[in-house]
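The values are calculated or read from the model by the stated rules, or taken from the named source; none is laboratory data. These numbers come from a predicted model, not from an experiment. Cβ placement follows ideal geometry from the backbone for every residue including glycine, while neighbour counts extend to all protein chains displayed. Side chains included, ligands, DNA and RNA excluded: accessible areas come from the protein's heavy atoms. Shrake-Rupley method; radii C 1.70, N 1.55, O 1.52, S 1.80 Å.
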Amino acid sequence: MKVALVHYRAGLMDGVSLEMEKWRKVLKRMGHEVDIVAGNNKEGVDVVVPSIGFENPKYRLINKNAFEKLEDFDINGLLNIIFEESDKVYNDIFHVLKKYDVIIPNNIWSLGAFLPSAIALFRFAKEHPEKIFIGHHHDFWWEREYFLNYTDEKIKKLLEMYCPPLGDNIKHVVINSLARDALYLKKKVKSTIVPNVMDFNEPLFTNEDVNLKIRNAYNISENSIVLLQATRITERKAIELAIELVNQMSKLSKKYVGKKLYNGKIFNGEIILAFSGMCESENYKYKLLDLAFKYGIRTVDLYPNVENKVWTFWDLYSVADAITYPSILEGWGNQLLEAIMVKKPIVLFEYKVFESDIKMSGLKYISLGNSYVKKNGLVNVDKGIEIKAAEELFEILFDKELYEKTVNENFEIGKKFYSLESLQKIIQGILNDKV
């Protein structure tokens, strides 16, 4: 069959883009022809339809008036623009999507980030009952504060009608059990849980040569410990917890100076926090840098060399001795899987989806707890938990046998539950109407 994976944007390092690539890989393995259809002209996008996503000139105007402040026209004027734009989007997608047998909108039918696209796709689905539509819902509008600030009840009604819509030829896929339960509660519709996955049969994309090159480029000693924060820099990633962790480790570090690390290097007492993801909030980044400066912690930003194509995002995992993953909110957790795949120890905050859907797998991790408070706009957890996490991480980093046992056991768990092979079984079931 011919399959279209459709999204506002693709070919980037966000979770939706990454999962679409994995779906494409699996669907091709199954013998299908697969295209990624998106609104941005980026490597990895097979068919560009600018009107469906953030490239549409009306995108900002509509969202500002729908979810921020209704100021450029009254509600009827806004609705007219939404439906006029949906007609234009429909005309664009009609010519593109008519050749596909299976169409998989990603987030367009759940997030509500551009209502004209959701409306146009539903119209197309209604007019093509012979085609299979699979709404892949990574995020729902009712989970995001921005979309709950609708400026009029009529906007809410559009969200409720089209995000997601119901139809005999529309199936629904969510990424965790919390989303499945919420969708059933709201729509009385059943959905299939598809967790994030990785290709555990690929060779490791980390190596010692790249590690040394990165360390040399940033003047980082091979005897220093590097913790890698591999997420984007945005508030819900709670990166301040990684800084607090390094602060606690620094206080304990004296008794480890001169001792042998898991990799045979002699620790020099320096602990560095490295960022490898793009920055989405400059104000938040400055808060983090201020906090690090207060504690005397060195941070390095590796992302510019990804943008400049010196290294890939994946290469940067080579420099890490351990991964910090302190997010307080995740739909699933791509960077968690990446850490498992590259065989690095993980320090994480036990966010809700981790507790409900992942923890039971038996993964070994160092916990930053599961509750927090916010002070001055930053996330705080109990100091005792931070100290315990620092002690546990040191224990792993200075015990080669424990280090290898931890990361290898996690790798096998990942391979068992979160592989492309497990994704293939789920997709096959959806296409065969078995789930």
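Mind listing whichever residues of segment 358-400 are open to solvent by 20 Å² or more (accessible area, probe 1.4 Å), aliphatic (A, V, I, L, M), under 21 Å from Tyr284 (Cβ atoms) and touching a residue at least 60 places away in the same chain (Cβ under 8 Å)?
Within segment 358-400, just Leu378 meets the criteria.
Quick one: in segment 270-319, of everything that is over 22 Å from Asn247 (Cα atoms) and aliphatic (A, V, I, L, M), which residue is farthest from the chain's Cα centre (by Cα)?
Across segment 270-319, the extreme among qualifying residues is Val310.
Yes/no matrix, rows are residues, columns are (1) modelled with pLDDT under 95; (2) charged (D, E, K, R); (3) open to solvent by 50 Å² or more (accessible area, probe 1.4 Å); (4) touching an Asp or Glu at 6+ places or on another chain (Cβ under 7 Å):
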residue: Trp23; (1), (2), (3), (4): no, no, no, no
residue: Lys28; (1), (2), (3), (4): no, yes, yes, no
residue: Ile36; (1), (2), (3), (4): no, no, no, yes
residue: Glu55; (1), (2), (3), (4): yes, yes, yes, no
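When you go through (1) part of a loop (DSSP other than H, G, I, E, B); (2) open to solvent by 20 Å² or more (accessible area, probe 1.4 Å) one by one for Lys255, which number turns out not to apply?
Failing condition for Lys255: (1).
Kindly check whether there is at least one residue in segment 249-263 that is of a type in the set (D, E, K, R) and under 28 Å from the mean Cα position of the chain (by Cα). Before the answer, list the steps.
Going through segment 249-263, the residues of a type in the set (D, E, K, R) turn out to be 251, 254-255, 259-260.
Filter once more, keeping what is under 28 Å from the mean Cα position of the chain (by Cα): none.
Taking every residue of segment 249-263 in turn, none turns out to be of a type in the set (D, E, K, R) and under 28 Å from the mean Cα position of the chain (by Cα).
Return the total of residues in segment 135-155 being within 26 Å of the chain's Cα centre (by Cα) and either among the aliphatic types (A, V, I, L, M) or open to solvent by 50 Å² or more (accessible area, probe 1.4 Å) (or both). Even if it seems obvious, please write down each step before you answer.
Narrowing segment 135-155 to residues within 26 Å of the chain's Cα centre (by Cα): 135-150.
After this cut, where a residue has to be either among the aliphatic types (A, V, I, L, M) or open to solvent by 50 Å² or more (accessible area, probe 1.4 Å) (or both) as well, the list is 143-146, 148-150.
Number satisfying all stated conditions: 7.
Given Ala179, Ala242, Ala238, Ala230, which one is open to solvent by less than 10 Å² (accessible area, probe 1.4 Å), at positive phi and touching a residue at least 12 places away in the same chain (Cβ under 8 Å)? Write out each step before concluding.
Numbers: Ala179 fails: at positive phi; Ala242 fails: at positive phi; Ala230 fails: at positive phi.
Going through Ala179, Ala242, Ala238, Ala230 in turn, the sole match is Ala238.
Conditions tested, residue by residue: (1) of a type in the set (A, V, I, L, M); (2) surrounded by fewer than 17 Cβ atoms within 10 Å (Cβ to Cβ); (3) closer than 18 Å to Tyr218 by Cα.
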| residue | (1), (2), (3) |
| --- | --- |
| Cys279 | no, yes, no |
| Tyr286 | no, yes, no |
| Thr299 | no, no, yes |
| Trp314 | no, no, yes |
| Ile323 | yes, no, no |
| Gln335 | no, no, no |
| Ala339 | yes, no, no |
| Leu348 | yes, no, no |
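Can you tell me which condition Met20 does not meet? The list is (1) in a strand (DSSP E or B); (2) in contact with a Leu (Cβ under 6 Å, 6 or more places away or on another chain); (3) not polar (S, T, N, Q), and all the others hold.
Of (1) in a strand (DSSP E or B); (2) in contact with a Leu (Cβ under 6 Å, 6 or more places away or on another chain); (3) not polar (S, T, N, Q), only one is false for Met20: (1).
Taking only pairs six or more apart or across chains, which ones have beta-carbon atoms under 8 Å, a first residue in segment 32-50 that is in a loop (DSSP other than H, G, I, E, B), and a second residue that is open to solvent by 10 Å² or more (accessible area, probe 1.4 Å) and among the hydroxyl-bearing types (Ser, Thr, Tyr)?
Gly39/Ser51
Would you be able to say whether some residue in segment 340-351 is under 16 Å from the mean Cα position of the chain (by Cα), modelled with pLDDT under 95 and under 20 Å from Ile239 (Cα atoms)?
Looking for residues that are under 16 Å from the mean Cα position of the chain (by Cα), modelled with pLDDT under 95 and under 20 Å from Ile239 (Cα atoms), one finds none in segment 340-351, hence no.
Got a sec? Which of Ile104, Ile82 is of a type in the set (Val, Ile, Thr), touching a residue at least 60 places away in the same chain (Cβ under 8 Å), part of a helix (DSSP H, G or I) and closer than 20 Å to Phe124 by Cα? Show your work before the answer.
Working: Ile104 fails: part of a helix (DSSP H, G or I).
After applying the criteria, what remains is Ile82.
Show the residue pairs that are 6+ apart or on different chains and have beta-carbon atoms under 9 Å apart, the first residue being within segment 274-291 and within 25 Å of Ser224 (Cβ to Cβ) and touching a residue at least 40 places away in the same chain (Cβ under 8 Å), the second being in a helix (DSSP H, G or I) and β-branched (Val, Ile, Thr).
Listed pairs, sorted by first residue: Ala274/Ile214; Ala274/Val319; Ser276/Val306; Ser276/Val319; Gly277/Val306; Met278/Val306; Leu288/Ile243; Leu291/Ile243.
Results for (1) within 29 Å of the chain's Cα centre (by Cα); (2) of a type in the set (A, V, I, L, M); (3) crowded, with 20+ Cβ neighbours inside 10 Å, shown as yes or no for each residue.
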site: Asp92; (1), (2), (3): yes, no, no
site: Ser110; (1), (2), (3): yes, no, yes
site: Ala113; (1), (2), (3): yes, yes, yes
site: Pro116; (1), (2), (3): yes, no, yes
site: Leu121; (1), (2), (3): yes, yes, yes
site: Phe133; (1), (2), (3): yes, no, yes
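With (1) modelled with pLDDT under 95; (2) surrounded by fewer than 24 Cβ atoms within 10 Å (Cβ to Cβ); (3) assigned to a helix (DSSP H, G or I) as the list, and Glu355 as the residue in question, which single condition is left unmet?
Among (1) modelled with pLDDT under 95; (2) surrounded by fewer than 24 Cβ atoms within 10 Å (Cβ to Cβ); (3) assigned to a helix (DSSP H, G or I), Glu355 violates only (1).
Looking at (1) closer than 22 Å to His128 by Cβ; (2) open to solvent by 30 Å² or more (accessible area, probe 1.4 Å); (3) of a type in the set (Ser, Thr, Tyr), find the lone condition where Ser86 falls short.
It is condition (2) that Ser86 fails.
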